[in-house]
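K.L.:
Got a structure here, written out as structure tokens. Questions coming.
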Amino acid sequence: MTMIQRILAQAIAFTMGIAMLFQAGCAGRSETASFYVLSPVAERELAMKNISGDSTISIGISPVSLPKYLKKSQIVTRTGSNELHLAEFNRWAGKIEEDIGRVIAENLTNLLATDRVFAYPLMEAIDLNYTIKIDFSRFDGALGGAVELIARWAIFDRQGNIVHGVKATHLIEPVKGPGYADMVAAQSQVLASFSRQLAEEIIELSGS
């Protein structure tokens, strides 16, 4: 091979290498992220089995406590007993802890037939009859498997005293599909079940 042929061959190889890198870069950018929010159970769905409550009481949902591994923008799923996966292209649209508080407040609004349920920070400006504080130790699951909610919670009166003691909740909701949208839907459903427990406790406290 002559000198000119060797130079030409090297030039061609270099050009092909640049083209391959460019294609790889384009391929890497082709996947776009999807963003998700938790949703309250539809008012119509709750109304079919509505619990009658006192619409005059005011309830605040304090900022919920979550394990640090869940306070990520990526959706966290379990791939084993001690293994987690953070989905780079499937993310929460906002802060998950704020989304949880918002959804619980909206569910309680529908369940108790009142517009006086407030999430943080609005609750700070309201004279509340009761404040609910929730500490989650689990709020995750496996794609195509089940979502698990484990929480300890308490209701406080106006004076800051715990009423009826600290409660524990453990709920499991099947994920009805293989995708992240199915996972988030199951998380919304398990929050609806949890909200019903909270509503029943509020009703008992208010003497309805």
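K.L.:
Give the stretch 66-84 a look and list any residue that's at pLDDT 95 or above, more than 15 Å from ILE100 (Cα to Cα), surrounded by fewer than 18 Cβ atoms within 10 Å (Cβ to Cβ) and of a type in the set (S, T, N, Q), or say none.
P.N.:
Selection gives GLN74 alone.
K.L.:
So which residues in the stretch 64-82 are out of contact with any strand residue (DSSP E or B) (no Cβ under 9 Å at 6 or more places or on another chain) and within 18 Å of PRO178 (Cβ to Cβ), if there are any at all?
P.N.:
GLY80
K.L.:
Could you check the stretch 153-184 and list, in sequence order, the residues that are without any contact (Cβ under 8 Å) to a residue 12 or more places away in the chain and either outside the structural domain of ARG102 (by TED's automatic domain parsing) or within 22 Å of THR79 (Cα to Cα) (or both)?
P.N.:
The one that is without any contact (Cβ under 8 Å) to a residue 12 or more places away in the chain and either outside the structural domain of ARG102 (by TED's automatic domain parsing) or within 22 Å of THR79 (Cα to Cα) (or both): LYS176.
K.L.:
Yes or no: LEU149 without any contact (Cβ under 8 Å) to a residue 60 or more places away in the chain and crowded, with 17+ Cβ neighbours inside 10 Å?
P.N.:
Considered against the rule, which asks whether it is without any contact (Cβ under 8 Å) to a residue 60 or more places away in the chain and crowded, with 17+ Cβ neighbours inside 10 Å, LEU149 comes out as yes.
K.L.:
Next up: Condition first: outside any loop (DSSP other than H, G, I, E, B) and within 20 Å of GLY145 (Cβ to Cβ). Now tell me which residues in the stretch 158-179 satisfy that.
P.N.:
THR169, HIS170, LEU171, ILE172, GLU173, PRO174
K.L.:
Something else about it: Enumerate the pairs (first residue in the stretch 193-208 and more than 18 Å from GLY60 (Cβ to Cβ); second residue anywhere and assigned to a helix (DSSP H, G or I)) with beta-carbon separation below 8 Å, excluding pairs fewer than 6 apart on the same chain, so at least 6 apart or on different chains.
P.N.:
ARG196/ASN107; ARG196/LEU111
The values are calculated or read from the model by the stated rules, or taken from the named source; none is laboratory data. Bear in mind the structure is a predicted one, so any value in this text is a computation, not a measurement. Counting neighbours? That spans all protein chains shown, and the Cβs are built from the backbone with ideal geometry, glycine included.
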